[in-house]
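Asks: Here it is: the structure, laid out below.
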Amino acid sequence: TDMTKQVRAEEQQKELSQQLVDVLESMGDAFFMLDKDWRVTRVNHHQEKVSETNRKDTIGKSFWEVFPATADPKSNYWIEYHKVAKTKKPSHFIEHYGPLDVWTEVNAYPTPDGGISVFFRDISQRKQAEDALKESEARLRFMAESMPQKVFTATPNGEIDYFNPQWIEFTGLAFEEMLEWGWIQLVHPDDLDENIRRWQHSIKTGEPFELEHRFLRADGQYRWHVSRAQPMRDSKGNIVRWFGSNTDIEDIRRTAAHTEELEQKTATLKEQRAQLVAINSAKDEFISLASHQLRTPATSVKQYIGMMLEGYAEEVMPTQRDFLQRAYDSNERQLNIVNDLLKVASVDAGKVKPRIEKFDLSPLIKETLEGQAAKFTEREQNVTLQATAGKWLVSADRDLLRMVLENLIDNASKYTYQGKAIKVKLLKSKGNVEISIQDEGVGVPEDKLNKLFQKFSRLDNPLSIAVGGTGLGLYWVRKIIDLHHGTITVASQEGKGSTFTVTLPMKRLV
Ligand code: ADP
C-alpha cells in the first residue's frame, strides 16, 4: 500500500509539474530560468519566439553568452539579475532591449537553488502610447502657456486644478493661492454670488459655463472678463475634466462705451447743426424780406428827389439843391446796401442760376473799366489792361461775371490812394483763364486774409471809413465764382497793395 501510495504521489507530482510546464508554455509572457552559475535551465515557448532563439541552442549555455547584450555591467538586466541573485528579493523594472528594439517590463524572482526565474513582456506599444500621451500633454501645456488668454482646468467636482502662467501674471498670486476654490477671492464682490451659483449649476448639470464678471488685477484694478468653461467627457459620457478660458474684455467694453458716448455727442451735434441751419435760413429769409420791403420806399424817395433836382417842382434854390443832393446820395448808398443784401440773400438761397454762354472776356473787361473811368479820373488812378491780342474765350454768365469784375475793380480803386496805379491782367494757364487785379493800395494784414470772403467782413483800414461798404461784396463774388467752378485767391501786403486773381476754366461743360 505504501508503495502504491508513493507511486500515486509521484504520479500526482509529475502531473502537477506537467501542468505547471503547460501553463508556463502557454503563457503570453516570456519566461526563462537560470541556475546559480547563470546557465539557462528552462525557457518557455514565448521566450523562444521573442528572442528568436531555439531552446536546444540555449539550454545549458551561459545566459550572458546567449544574450550578450545583457552582459554589459551597465545594463539594467545585468544589474537587476545580479541584485536578485544576491539579495534573494524579487525585482520589477522596465528596460529597453537594444537588439530587438523593444521595451520590456521585467519581473525577476530568486529560486531556491540560488538562481533566478524571469518573466518579461514586450510593452513597446504601451510605452509608445504613454509617450504619445505625454507628448500631447506637453503640447497642450505649451499651448496653454503661450496663448495670450488666461485658461484653467477643473476636476469634475469643480475644483480648479490648473491655471496657466498668464493667470499668475495677471493676479500676482501663487498657484497654490488660487487652486481649488482659491480664485473666488479675485472675483468682484458684486459678481461673486452669481459666479458661484452659475459654476455650481454647470458642475451639477454639465451645462457649459459662461459669465461676464470682474477679476482683480495685481495692480488693484477690477477688469471685466468673459469666462467660459466646457466639460470634457469620456466614452461613457462622464465628465472627466472642465476646460475654461477667461478673456479680458475691459478695453473692448471701454471702447464700446466710448463709441456710444461719441455717437450720442454726434447726434447732439447733428441736432444743433440742424437748428443752426434752420436759424440761419430764417435769418436769410428775414434779410431778404426786410430788404424787399426797404427797397420800394427807398426807390420812390430816389425818384421824387431826382424829380425835384431836375426842377419838376418849382425851381430849386442853390442851398436846397445842396441838401437835396446830399439826401439823394445817402438814399443811393442805402439802395446799394439793400441791393447787396438782396444779392447775397438770393445766392445763399440757391436762387442764382448762371446762364452760361461762350464769349470773349477782353471786351467785357474793357467795358467794365470804361464804366468806372470817371471814378479813376476823379481819384487820379492810372488803370491799365494787359492782355495779348486774340480771343479770351470763357463759358460763363456774362452779367454775373461783369458784376464780379465791377466789384473787384471797384474795391481796387476804393482801397487805393489817389494817384496810384491799378493793373488788370489776363493770362492763360493749363486750360484756365486768369484775371488778376493788382492795386497799390492799403493791402490786407496777413492774419485777416481769411476773413475777406466772409459775410459782413468789413476790415478796418485807413480808407475803409472814407469809402464805406457793406462787407458783402467779396462774399458774393466768391459764391458766384464757385458757381462757375472757378477759384478766387488773394495775395496782399499791408501798405503795399493787393492782387486778387480769378481763375475760370476756359471751356466748361454745362
Ligand atoms: P466792402 O468793400 O463793401 O467793405 P467787400 O466784401 O468787397 O466789402 O470787402 C471786404 C473787406 O475787404 C473790405 O472792407 C476791405 O477791408 C477789404 N478789401 C477788399 N478789397 C480790398 C483791396 N483791393 N485792398 C485792400 N482791402 C480790400
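Asks: Please list the non-local residues whose amide H lies under 5 Å from the amide H of His96, H modeled 1.01 Å from N, same-chain partners needing a gap of 5 or more.
Replies: It is Thr104, by chain and number.
Asks: Something else about it: Show which aspartates and glutamates lie in cross-link reach of Lys451 when reach means a straight Cα distance below 14 angstrom and same-chain residues fewer than eight apart are skipped.
Replies: Cross-link targets: Asp460.
Asks: Further, regarding this structure: Can you run phi through the Karplus equation (6.51, -1.76, 1.60; θ = phi - 60°) for the range 281-294 and list ³J(HN,Hα) in whole Hz, with x for Gly and Pro?
Replies: 6, 4, 5, 4, 5, 4, 4, 5, 5, 4, 5, 4, 5, 6
Asks: Just to confirm the number: angle between the C-alpha axis of helix 2-26 and the first principal axis of the chain, 0 to 90 degrees, nearest 10?
Replies: 20
Asks: Taking Cα atoms, how many degrees apart are the long axis of helix 189-205 and the longest axis of the chain, rounded to 10 and kept between 0 and 90?
Replies: 50
Asks: Along the range 467-484, what does the Karplus equation 6.51 cos²θ - 1.76 cosθ + 1.60 (θ = phi - 60°) give for ³J(HN,Hα), rounded to whole Hz, x for Gly and Pro?
Replies: 3J(HN,Hα) across the range 467-484, in whole Hz: 8, x, x, 10, x, 10, x, 5, 4, 5, 4, 4, 4, 5, 4, 4, 4, 9.
Asks: Also, I was wondering about something else. I'd like the orientation of helix 318-348 relative to the chain: the angle between its Cα long axis and the longest Cα principal axis, in ° from 0 to 90, rounded to 10.
Replies: 20
Asks: Report, ordered by chain and residue number, the lysines lying within cross-link reach of Lys496, taken as a straight Cα distance under 16 Å and ignoring same-chain residues fewer than 8 apart.
Replies: Filter leaves Lys414, Lys420, Lys423, Lys448.
Asks: Report, in debye and to the nearest 20, how large the dipole of the chain comes out about its Cα centre when Lys and Arg carry +1 and Asp and Glu carry -1 on their Cβ. Let's see the in-between values first.
Replies: Details: 69 positive and 75 negative charges, 461 e Å.
Charge dipole of the chain: 2220 debye, to the nearest 20.
Asks: Take the alpha carbon atoms of the range 423-485, find their center, do the same for the range 343-380, and report the distance between the two centers in whole angstrom.
Replies: If we compute the Cα centre of each part, the gap is 14 Å.
Asks: Also: For the pairs Lys56/Lys89; Lys127/Lys236; Lys265/Lys351; Lys270/Lys479; Lys61/Lys86, flag any whose C-alpha to C-alpha distance is greater than 32 Å.
Replies: Lys265/Lys351
Asks: OK, next. Which value at 222 nm does the chain reach when only helices count, each DSSP H run of 4 or more adding -39,500 (n - 2.57), with the total divided by all residues and rounded to the nearest 500 deg cm²/dmol?
Replies: Numbers: 16 runs with 243 residues, N = 510.
About -15500 deg cm²/dmol.
Asks: Sticking with this structure for a sec: Tell me the GluC sites (Glu not before Pro) within the range 38-132 that lie in a loop according to DSSP and have at most 14 other beta-carbon atoms within 10 Å.
Replies: The qualifying sites are Glu52.
Asks: Which FRET efficiency value, to the nearest 0.05, do you get for Ile123 and Ile252 by plugging their Cβ-Cβ distance into 1/(1 + (r/R0)^6) with R0 = 56 Å?
Replies: On the way: r = 52 Å, r/R0 = 0.92.
About 0.60, to the nearest 0.05.
Asks: Could you derive backbone 3J(HN,Hα) for the range 228-238 from the dihedral phi with the Karplus parameters 6.51, -1.76 and 1.60 (θ = phi - 60°), listing whole Hz in sequence and x where the residue is Gly or Pro?
Replies: Result, rounded to whole Hz: 9, 9, 10, x, 9, 10, 7, 5, 8, x, 7.
Asks: Considering amide H positions built from the backbone, and no H for Pro or chain starts, which residues 5 or more places from Tyr417, or on another chain, come under 5 Å of its amide H?
Replies: Residues meeting the amide H criterion: Val442.
Every number in this text was worked out from the coordinates using simple rules, so none of it is lab data. Source: prediction; values computed, not measured. Cβ coordinates were reconstructed from backbone atoms using ideal geometry, including for glycine residues, and neighbour counts include every protein chain displayed.
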